[in-house]
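This report refers to the structure that appears directly beneath it.
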Amino acid sequence: MKTLKQYLIEAQENGRAIAHFNVANSDMILGIFAGAKKVSEEYGENIPVIIGFSEGERDAMGVIQSVDYITSLRNEHDYPIFTNADHTYSVQRTCEAIDAGFDMVIYDGNKVSHEENLEHTKAVVAYRDKVNPDCLVEAEFGFIGGGSDIKDAVPEGVSEETMTKPEEAKAFVDATGIDLLAPSVGNVHGMVKSGNPALNPGRVADILAATKIPLVLHGGSGSTDEDFKAVIAAGISVIHISTELRVAYRKGIEDAFAEDPDQLAPYRYLNQAKTNVMLKVEDRMRLFWGLK
């Protein structure tokens with residue numbers, strides 16, 4: 001099987017993006033995997049997918065257990081499903097994920113100074129090089145808010161003026177040696193009730209030209225199909241979806257109890273939640289892989 005790095009290179013070369021879905025339990029994983037396999041069968045070739053575990057999600061499932069679960073699916077089905085330790089806010093916990101065998105980790109230094117962000121990111125890369133050279137290191141550079149929730153308004157501080165600047169992105173990449181960069185290009189974490197801001201494909205293209213490494217779009221939930229297509233064409237190689245899955249999952253549980261309020265068996269009232277996740281995954285993977 002190809003490595004995640006090889007899949008990223010191919011996605012970039014072919015104008016496609018790998019879908020990245022965040023999870024907090026095994027039901028969400030199984031829903032994602034079912035959706036990924038269905039789209040792959042339609043396509044006639046296995047399409048890679050990344051399963052993201054933020055710090056809180058890793059705590060819910062277990063750091064090593066998260067890796068073991070995905071690895072077991074990969075090995076049993078010979079399917080390119082990969083793990084990412086998403087949004088990690090300390091060097092210690094990022095290195096913990098590297099030790100656990102994640103295919104990819106993200107050190108998020110947006111809560112510290114620029115100088116600390118540089119220092120911490122370099123420390124993560126150095127540790128990766130020593131312990132697990134195959135693990136990819138990503139960093140978020142540029143403010144896009146936080147939280148996989150539904151927001152009343154665009155977070156304060158997210159604007160065209162605060163988008164990631166290509167020359168600053170290049171300096172950061174050159175100084176740290178990261179493998180992937182998640183910039184601010186009009187995207188926001190979570191979903192905005194009145195509608196997410198428009199994405200900026202021109203800024204994506206400029207950052208890609210400057211950094212020459214794969215770019216990741218965080219906060220994909222709530223963006224339009226047209227915006228997704230535009231930023232993929234401009235050079236986005238991975239797109240994160242979290243809030244949309246949480247909304248779909250919760251609605252499935254609500255619908256199950258509305259239909260059968262006395263149901264006590266989790267595997268029964270979670271069936272619709274898993275199905276909702278699967279359908280959302282199918283839609284996003286078809287779009288990101290250029291199939292719709």
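Every number here is computed from the coordinates shown, using simple stated rules; none is lab data. From a predicted model like this one, the values you see are computed outputs, not experimental measurements. In this analysis, Cβ positions are derived from the backbone assuming ideal geometry, glycine residues included, and neighbour counts consider all displayed protein chains.
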Footprinting proxy, 114, 240: sorted fewest to most Cβ within 10 Å, the residues are 114, 240
Taking region 173-292, the equivalent ellipsoid from its C-alpha gyration tensor has semi-axes in Å, biggest first, of 35, 14, 13
Exposure proxy check on 246, 286: fewest-to-most Cβ neighbours within 10 Å is 286, 246
Computed ³J(HN,Hα) along region 65-77: with the Karplus parameters 6.51/-1.76/1.60, θ = phi - 60°, integer Hz and x for glycine or proline, the list is 4, 4, 5, 4, 4, 5, 4, 5, 5, 4, 6, 5, 9
Extension length gain for residue 126 and residue 162 (0.36 nm per residue less Cα distance), in nm, is 10.0 nm
Out of 6, 60, 184 - ranked by how far each Cα lies towards the positive end of the dipole of the chain, with unit charges on the beta-carbon of charged residues - the top one is 6
With 0.36 nm assigned to each residue of separation and the Cα-Cα distance removed, residue 2 to residue 75 gains 25.0 nm
Pseudo-spin-label distance residue 64 to residue 265, built 7 Å along Cα→Cβ, given in nm, is 3.4 nm
Computed on Cα atoms only, the convex hull of the chain has an orientation-averaged projected area in nm² of 14.8 nm²
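What number, rounded to the nearest 500 deg cm²/dmol, is the helix-based mean residue ellipticity at 222 nm of the chain, given -39500 (n - 2.57) per DSSP H run of at least four residues and division by all its residues?
Here the helix-only value at 222 nm equals -16000 deg cm²/dmol.
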dims of region 1-108, Cα set, principal axes, largest to smallest, nearest Å -> 40, 30, 19
The exposure ranking of 237, 90, fewest beta-carbon neighbours within 10 Å first, is 90, 237
For the chain, averaging the sequence separation of alpha carbon pairs under 8 Å that lie six or more residues apart and dividing by its residue count, the contact order in percent is 20 percent
